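Peer 1: First, the structure itself, so that you have it in front of you.
The values are calculated or read from the model by the stated rules, or taken from the named source; none is laboratory data. Keep in mind it's a predicted model, so treat the numbers as computed, not measured. Positions of Cβ are generated from backbone atoms using ideal geometry, with glycine treated the same way; all protein chains shown enter the neighbour counts.
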Ligand code: URA
């Protein structure tokens, strides 16, 4: 059993003070009855919470999509730079962390959560979760490089990357799909073939696509559908 105000706040409906206010005003219905007492406790597995006619389920985990801007680092705290968790500050109390890292100059889709087990699976090459990147580059992308990506490119430290995929968009733009997350991996794969990445944006993570309506720097919770598609990636 957990306190109703705590559960509501955890669900992202407002601060503890705000949700207490909603409760006192009679906005919250639990199992068909209006609850006015902020001391009220619920069973998160069984009780149905209705707010403004809409049914909510308490979830101890939070899952967020952030459209990361350049200049922000993929960490929880830092003395010098703004972090991706700073951009989602109302969720800091849930101990969220980024699922993997994007370089400081890389933009786009980053998932933050406090679900360590899911994060671990999403990052494991074992589960083959592909990440899709859009890149601009200097140099010439020769047709034969498409095969090189499929065969596995050997990067500067001698590591042979797992099979990946590239799609040419134009003379200096392509999509790259990888299922690992080695340090600077896309940049180093392109470098190994004589190209220099000048811009990098992640636009897909498994079946989830970067929400184009999400402004750079903005975030939102994953929809239930998005979360299910992430979890389905390794059933
Ligand atoms: N590959 C890179 O080189 N940088 C990123 O941020 C992500 C993948």
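Peer 1: Considering only the range 198-208, I want to know if a residue exists there that is farther than 15 Å from residue 70 by Cα and more than 15 Å from the chain's Cα centre (by Cα). Explain how you work it out, then say what you get.
Peer 2: The first filter runs over the range 198-208 and keeps only residues farther than 15 Å from residue 70 by Cα, leaving 204-208.
Of the ones still in play, those that are also more than 15 Å from the chain's Cα centre (by Cα) are none.
No; the residues of the range 198-208 include none that is farther than 15 Å from residue 70 by Cα and more than 15 Å from the chain's Cα centre (by Cα).
Peer 1: Would you check if residue 148 is more than 27 Å from residue 2 (Cα to Cα), part of a helix (DSSP H, G or I) and in contact (Cβ under 8 Å) with a residue 24 or more places away in the chain? Talk me through it step by step, then tell me what you get.
Peer 2: Numbers: more than 27 Å from residue 2 (Cα to Cα): yes; part of a helix (DSSP H, G or I): yes; in contact (Cβ under 8 Å) with a residue 24 or more places away in the chain: yes.
Answer is yes for this residue.
Peer 1: Has the range 94-103 got at least one residue that is more than 12 Å from the ligand (Cβ to nearest atom), more than 14 Å from the chain's Cα centre (by Cα) and surrounded by 14 or more Cβ atoms within 10 Å (Cβ to Cβ)? I'd like the intermediate steps shown before the answer.
Peer 2: Within the range 94-103, the first condition is being more than 12 Å from the ligand (Cβ to nearest atom), and the residues that meet it are 94-97, 99.
If we keep only those that are more than 14 Å from the chain's Cα centre (by Cα) too, we end up with 94-95.
Still in the list and also surrounded by 14 or more Cβ atoms within 10 Å (Cβ to Cβ): 94.
Yes, the range 94-103 has at least one match.
Peer 1: Right, something else. Just checking, which of 220, 179, 216 is touching a residue at least 12 places away in the same chain (Cβ under 8 Å), assigned by TED's automatic domain parsing to the domain that holds residue 83 and within 16 Å of the ligand (Cβ to nearest atom)? Give the derivation first.
Peer 2: Numbers: 220 fails: within 16 Å of the ligand (Cβ to nearest atom); 179 fails: assigned by TED's automatic domain parsing to the domain that holds residue 83.
216 is the lone residue from the list that is touching a residue at least 12 places away in the same chain (Cβ under 8 Å), assigned by TED's automatic domain parsing to the domain that holds residue 83 and within 16 Å of the ligand (Cβ to nearest atom).
Peer 1: Name the strands (runs of 3 or more DSSP E) wholly within the range 1-104 that hold at least 2 residues that are modelled with pLDDT of 95 or more? Let's see the steps before the verdict.
Peer 2: Details: elements: 28-30, 49-51, 54-56, 63-68.
The qualifying strands (runs of 3 or more DSSP E) are 63-68.
Peer 1: Here's something else I'd like to know. Under 7 Å between Cβ atoms, which residue pairs at least 6 apart in sequence (or on different chains) link something in the range 186-206 that is outside the structural domain of residue 151 (by TED's automatic domain parsing) and near the ligand (Cβ under 9 Å from one of its atoms) with a partner that is part of a helix (DSSP H, G or I) and at pLDDT 95 or above?
Peer 2: Sorted first by the residue in the range 186-206, then by its partner, the list stays empty.
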